[in-house]
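The values are calculated or read from the model by the stated rules, or taken from the named source; none is laboratory data. Given the structure is predicted, the values throughout are model-derived calculations rather than measurements. For neighbour counting, all protein chains shown are included, and Cβ atoms are generated from backbone atoms with ideal geometry for every residue, glycine included.
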Amino acid sequence: MEKKVCKEHVEIALDIIVDETGEYPLLEELSTSEHVTCEFCEADATYIVSSKN
Ligand SMILES: [Zn+2]
């Protein structure tokens, strides 16, 4: 499970994954070559939050 999000929505993505998996997720910066939209708004995603499994 992973969510690509902008800076504003990192906290929400972390909360959702913690809720669903019970574990603290990994947080990484997206590489700049990728062009991805945030899952929660129209901004460019800057982080990827992923569960370890
Ligand atoms: Zn966003």
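State the number of residues belonging to region 30-41 that are at pLDDT 95 or above and either more than 17 Å from Lys7 (Cβ to Cβ) or exposed (fewer than 13 other Cβ atoms within 10 Å of the Cβ) (or both).
Our first condition is that a residue be at pLDDT 95 or above; within region 30-41, this holds for 37-41.
The next check asks that each one be either more than 17 Å from Lys7 (Cβ to Cβ) or exposed (fewer than 13 other Cβ atoms within 10 Å of the Cβ) (or both); those that pass are 41.
Matching residues across region 30-41 total 1.
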Exercise for the section: Mind telling me which of the residues Asp19, Asp44 ends up being surrounded by 13 or more Cβ atoms within 10 Å (Cβ to Cβ) and among the charged types (D, E, K, R)? Expected result: Asp44
